[in-house]
Amino acid sequence: MLSLQNAGKRFGPRVLFLEANWLIRSREKTALVGANGTGKSTLMKVLAGLESLDYGTMQRTRGMSIGYLPQEGLRLTGRDIFEECLSVFDELRSMEGESERLAGQLAELDHASAEYEAAAERYSMLQERFHALDGYALDAQVGSVLTGLGFGKEDWSRQTDEFSGGWQMRIALAKLLLAKPNLLLLDEPTNHLDLETRNWLEGYLKSYPFGYILISHDRYFLDVTIDRTVEIWNKRLTIFQGNYTKYLAQKDERRAQLEAAYRNQREQIEHLEAFINRFRAQATKARQVQSRIKELEKIERIEIPEEEPVMHFKFPQPPPSGRMVAEAEGLSKSYGPKQVLNNVRFSIERGDRVALVGVNGAGKSTLIKLLTGVEQPTAGTIKLGHNVASEYFAQDQYKVLDGEARMLDDISRAALKVPESALRSLLGCFLFSGDDVFKRLGVLSGGERNRFALARILVSPSNFLLLDEPTNHLDMRAKDVLLDALAAFSGTVIFVSHDRYFIDRLATRVIEVENGTVTTYEGNYEDYLRKKESLALGAVTAASAPPRGETQEAVQALQHASPSGTTIVIEGGPDDTARKRRLNPIKQKQMEDRCAFLEEEVPRVEAALAHTETQLGVFVSAAETERLTKLAEELREQLAALTAEWEELMLQLEV
């Protein structure tokens, strides 16, 4: 579908990659990985046709469509969201308009004329193509994708320029998903998505009918959406089969093989050099020496690239707090008429690592700000326990930094008693080495400022950390180091993160913020999802269960009935009256009892189906939607079978 041959790209004097050969086949689901600055985003732009190669060639199939989502920078104006998304179907809508015009002409033209025949043929072709492209479901497609990406129905009529940059990127992503290009290029698509929306996108991509290439720092997201990994490393492209976890294992194996080959080659080179040096001066060995020299020159030297720099740090272990770290009673918070939290009650104990989850806008950041004292509750109280010292990291922490201050000066002001040498070592752990520490904060990228803000936390130890999106702008290696440090931290942590892997590894409790309330679940995010699924299944089961007064005989009849209903014994005669008269009296009574049961059971199954379909209208997660969809299908099949059985029994019992 698309291929690179001996491709290379420079960024100024620096080579990003060379001799890249990559065949991108149809329907392949690929992750593009590599350290920051290795050229992943640049390669994406090359594949999208936005940048050219400096070396080699790129070829793609004629007529192939490519959709590209950059990390940021898109801005849409001039239309409401729904119309903006419908614009990707302009060709289909044009076909629909032409079909309507042709239908009007066909009503007026002479059926025997050549014009009528031509118009009818064109109309038939348009209708066939419109139907094949599912043109009758455009509004439903748009509504489904917008709902999945977190837009409520009340948002659909709002103008696109009313939305912030992150929501603008969601609109752009919605348009790409609806357009369904042959190759989808997504550069950090989860940057602006909450956890629930990421779950929905995972499900959507798994069923995407064409190929895509993803850049993401979310390990779990990659693991469940890709089946091939392409790494930019040491200015080369290396292809690995399997998801991200399998790639890591294969990469370790390849490096071990490379190091073994390097050691073998060094032994060979040292052996040849020793022979040459020993016999160089002997005329009788001149031919052998020259042969060894030529052999040495022909050896293509194996190089072991340096490992990528990684942060290494540990949080200072703080003095212990009391057992109860924080306790909320009757907590409420409003912003004008908007009620964010309503009469909330919960407690946090020493050593807890609590993940706050919920859709964007549910109140997670508000809850953290209330715990830190940055904001005050509208009603109720929050009490911190004995000897609790808190430290707050906001998701936009880097914005409050003094852009004119130098990095080393700023962190020195936050830690007056810490020697400069210790501070420079700390900054080095966060990949700020050498003269980097003298840079002004205003020239740093968002990711660099985020790393610096995390470093500032370390110089003022506390036993209660409140972290709002600490993993934003960190690559996967940096996330792993932060994860290990937090896991070894002896204090208490409350955090918000949209990284599924990070939550699963760190959380010991999950607090869900939803509709102004909070619900606590023990365990990590996987445990939370299982508990939610169990509760949802219990609600559906309760809705479809027989009423308490149902007779035991009817329940047994339902349990032991054959798939086609109760067996009917007919002693002879095709006539209905004769058939009714000749039914075995015992079987007839069983059939009548069965009919009575079915007449009560069918409405109950219908009610359960209606309840399940109502739940499907409220998005919780991709997994929950998949489960409810399967349950709804099972209920429909059960309803159809029960209805068919009732009709068959009634036919047999007719006089």
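The values are calculated or read from the model by the stated rules, or taken from the named source; none is laboratory data. Here the structure is a predicted model, which means the values were calculated and not measured. For neighbour counting, all protein chains shown are included, and Cβ atoms are generated from backbone atoms with ideal geometry for every residue, glycine included.
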Margin query: Every residue in region 481-509 that is over 22 Å from ASP396 (Cβ atoms) and buried (at least 24 other Cβ atoms within 10 Å of the Cβ), please.
Written below: GLY491, THR492, ALA507
Checklist line | Leading residue by the ranking (modelled with the lowest pLDDT) among those in region 371-391 that are assigned to a strand (DSSP E or B) and either in contact with a helix residue (DSSP H, G or I) (Cβ under 9 Å, 6 or more places away or on another chain) or of a type in the set (Phe, Trp, Tyr) (or both) | finding: GLU391
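I'd like to verify a number: residues in region 208-235 that are farther than 25 Å from HIS473 by Cβ, assigned to a loop (DSSP other than H, G, I, E, B) and of a type in the set (Gly, Ala, Ser), how many?
So the count comes out to 0.
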Check: When LEU185 is evaluated against the numbered criteria (1) modelled with pLDDT under 90; (2) under 22 Å from VAL33 (Cβ atoms); (3) buried (at least 20 other Cβ atoms within 10 Å of the Cβ), which criterion, by number, is the only one it fails?
Finding: (1)
Item checked: THR225 being closer than 23 Å to SER65 by Cβ, modelled with pLDDT of 90 or more and β-branched (Val, Ile, Thr) -> yes
Item checked: Inter-residue pairs, beta-carbon under 9 Å, first surrounded by 11 or more Cβ atoms within 10 Å (Cβ to Cβ) and in region 109-133, second among the acidic types (Asp, Glu), 6+ apart -> LEU109/GLU115; TYR116/ASP110; ARG122/GLU98; TYR123/GLU98; LEU126/GLU96; LEU126/GLU98; PHE130/GLU96; LEU133/GLU91
Notebook entry, point to check: Which of (1) surrounded by 15 or more Cβ atoms within 10 Å (Cβ to Cβ); (2) at pLDDT 80 or above does SER421 not meet, given it meets every other one?
Noted result: (1)
Margin query: Could you tell me how many of the residues in region 624-655 are surrounded by fewer than 18 Cβ atoms within 10 Å (Cβ to Cβ), of a type in the set (Val, Ile, Thr) and under 28 Å from the mean Cα position of the chain (by Cα)?
Written below: 1
Notebook entry, point to check: Counting just the residues of region 74-102 that are in contact (Cβ under 8 Å) with a residue 40 or more places away in the chain and of a type in the set (Lys, Arg), which one comes out farthest from LYS40 (Cα to Cα)?
Noted result: ARG93
Margin query: Can you list residue pairs whose Cβ atoms sit under 7 Å apart, with the first residue in region 54-73 being in contact (Cβ under 8 Å) with a residue 60 or more places away in the chain and closer than 27 Å to THR190 by Cα and the second being surrounded by fewer than 11 Cβ atoms within 10 Å (Cβ to Cβ) and β-branched (Val, Ile, Thr)? Count only pairs 6 or more apart in sequence or on different chains.
Written below: none
Next item on the list: Would you please name the residue that is surrounded by the fewest Cβ atoms within 10 Å (Cβ to Cβ), looking only at residues in region 74-108 that are more than 30 Å from ASP187 (Cα to Cα) and in contact with a helix residue (DSSP H, G or I) (Cβ under 9 Å, 6 or more places away or on another chain)?
Entry: ALA103
Checklist line | Sole exception among (1) closer than 30 Å to VAL46 by Cβ; (2) surrounded by 12 or more Cβ atoms within 10 Å (Cβ to Cβ); (3) free of Cβ contacts under 8 Å to residues at least 60 places away in the same chain for THR160, by number | finding: (3)
Next item on the list: Output yes when any residue across region 638-647 is at pLDDT 50 or above, in a helix (DSSP H, G or I) and touching a Cys at 6+ places or on another chain (Cβ under 7 Å), and no when none is.
Entry: yes
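Yes/no per residue for (1) in a loop (DSSP other than H, G, I, E, B); (2) closer than 29 Å to SER164 by Cβ:
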site	(1), (2)
SER347	no, no
LYS369	no, yes
LYS417	yes, no
LEU431	yes, no
Margin query: Suppose we filter region 425-455 for residues that are charged (D, E, K, R) and surrounded by fewer than 19 Cβ atoms within 10 Å (Cβ to Cβ); how many remain?
Written below: 4
Next item on the list: Identify the residue in region 135-163 that is under 19 Å from the mean Cα position of the chain (by Cα) and not in a helix (DSSP H, G or I) and, among all such residues, is farthest from LEU86 (Cα to Cα).
Entry: GLY150
Notebook entry, point to check: List the pairs whose first member sits in region 321-338 and is assigned by TED's automatic domain parsing to the domain that holds GLN376 and more than 15 Å from LEU371 (Cβ to Cβ), whose second member is part of a loop (DSSP other than H, G, I, E, B) and among the hydroxyl-bearing types (Ser, Thr, Tyr), and whose Cβ atoms are under 6 Å apart, counting only residues at least 6 apart or on separate chains?
Noted result: SER334/THR378
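Checking the condition in contact with a Lys or Arg (Cβ under 6 Å, 6 or more places away or on another chain) and aliphatic (A, V, I, L, M), which residue from LEU23, LEU32 passes? Lay out the reasoning, then the answer.
Working: LEU23 fails: in contact with a Lys or Arg (Cβ under 6 Å, 6 or more places away or on another chain).
Among LEU23, LEU32, only LEU32 is in contact with a Lys or Arg (Cβ under 6 Å, 6 or more places away or on another chain) and aliphatic (A, V, I, L, M).
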Margin query: Residue under question is LEU173, and the condition is that it be outside the structural domain of ARG477 (by TED's automatic domain parsing), hydrophobic (A, V, I, L, M, F, W, C) and not in a helix (DSSP H, G or I); does it hold?
Written below: no
Notebook entry, point to check: Do you know which of the residues in region 350-360 that are under 20 Å from TYR528 (Cα atoms) and assigned to a loop (DSSP other than H, G, I, E, B) is modelled with the lowest pLDDT?
Noted result: ASN360
Next item on the list: Answer yes or no: is there a residue in region 265-273 that is outside the structural domain of SER462 (by TED's automatic domain parsing), in a loop (DSSP other than H, G, I, E, B), over 20 Å from LEU474 (Cβ atoms) and at pLDDT 85 or above.
Entry: no
Next item on the list: Output yes when any residue across region 195-207 is surrounded by fewer than 20 Cβ atoms within 10 Å (Cβ to Cβ), touching a Gly at 6+ places or on another chain (Cβ under 8 Å) and assigned to a helix (DSSP H, G or I), and no when none is.
Entry: yes
Note to self: Among the residues in region 236-250, are any surrounded by fewer than 15 Cβ atoms within 10 Å (Cβ to Cβ), aliphatic (A, V, I, L, M), modelled with pLDDT under 95 and part of a strand (DSSP E or B)?
What the structure shows: yes
Item checked: Lone unmet requirement of (1) at positive phi; (2) buried (at least 19 other Cβ atoms within 10 Å of the Cβ); (3) modelled with pLDDT under 85 for GLY150 -> (3)
